[in-house]
Amino acid sequence: MPPASPRDTYLEVSDSLRQKIEKGKIPEKLPSQAKLMEIYGVSRSTIERALGDLKSKGVIESVQGAGWYVVGTGDRRPLVEKVTDLLRTDGVKVGDPFPTEKELCERFEASRTAIRSAIAQMEGQGLIGKGATRGREVRALPIGQGDRKV
């Protein structure tokens, strides 16, 4: 990125992201703020200002717990619903191991905090819980599967 005045850096980041969106290089979900900080070599506040600029122009939108998306694209369901869908996969049975937080973060491109919140909700619903070993296991299947309805 070429040197610029600190005040204009967020606009350069915003313009770069907008161009990538227009060219289809970012078709749906934007990288995390941490990844954008790494890519552009700028602070979180600069990234937040750039994202705010794109949001105010109607280019992107924020989805609680899921990140930033190009307007009109992507799965907008809450993260807990997406994670719960893992239990709807054919062959998942009560007692099966549940993916780790790290695996879920990578799969859903979500923060550990967002994943922990989804896990807590699923534990509260009785869908998953601590297993005999260190990890979590499936305790019940969502409505429409298995013997126990939650």
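The values are calculated or read from the model by the stated rules, or taken from the named source; none is laboratory data. If you're wondering where the values come from, they're calculated on a predicted model, not measured in any experiment. Positions of Cβ are generated from backbone atoms using ideal geometry, with glycine treated the same way; all protein chains shown enter the neighbour counts. Protein only, heavy atoms only, side chains kept; ligands, DNA and RNA dropped before computing areas. Shrake-Rupley method; radii C 1.70, N 1.55, O 1.52, S 1.80 Å.
The table below lists the values:
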read-out: Interatomic Cα distance distribution for the range 28-92, bins of 10 angstrom, percent; value: 20, 41, 25, 11, 2
read-out: Most fluctuating residue given options Gly95, Gly24, Gly131, as computed from a GNM of the chain linking Cα atoms under 10 Å; value: Gly24
read-out: Additional length obtainable on full extension of the chain from Glu38 to Thr73, 0.36 nm per residue less Cα span; value: 10.2 nm
read-out: Tail weight of P(r) past 20 Å, computed on alpha-carbon pairs of the chain, percent; value: 56 percent
read-out: Heavy-atom accessible area per residue - the range 16-107, 1.4 Å, Å²; value: 58 Å²
read-out: Sparse-neighbourhood loop sites, trypsin sites (Lys or Arg not before Pro) in the range 53-150 - DSSP loop, at most 13 other Cβ within 10 angstrom; value: Lys57, Arg76, Lys93, Arg134, Arg148, Lys149
read-out: Accessible surface of the chain, 1.4 Å probe, proportion on carbon and sulfur as whole %; value: 50 percent
read-out: As computed over the range 60-144, the Cα convex hull volume per residue (Å³); value: 98 Å³
read-out: For the range 54-108, alpha-carbon Rg over 2.2 N^0.38 Å; value: 1.45
read-out: Relative contact order (%) - criterion: Cα under 8 Å, at least six apart; region: the range 1-139; value: 20 percent
read-out: Rounded to 10°, Cα long-axis angle of helix 44-56 versus longest principal axis of the chain; value: 90 degrees
read-out: Between helix 6-22 and the chain: long-axis angle, C-alpha atoms, 0 to 90°, nearest 10; value: 60 degrees
read-out: Residue of Thr73, Thr84, Thr46 that the Gaussian network model of the chain assigns the largest fluctuation, springs spanning Cα pairs under 10 Å; value: Thr73
read-out: Two-decimal log10 I(q)/I(0) for the range 7-64, as the Debye equation yields it once each C-alpha is a single scatterer, q = 0.23 Å⁻¹; value: -0.92
read-out: Charged-residue dipole, Cβ positions (Lys, Arg, Asp, Glu), the chain about Cα centre, Debye nearest 20; value: 240 debye
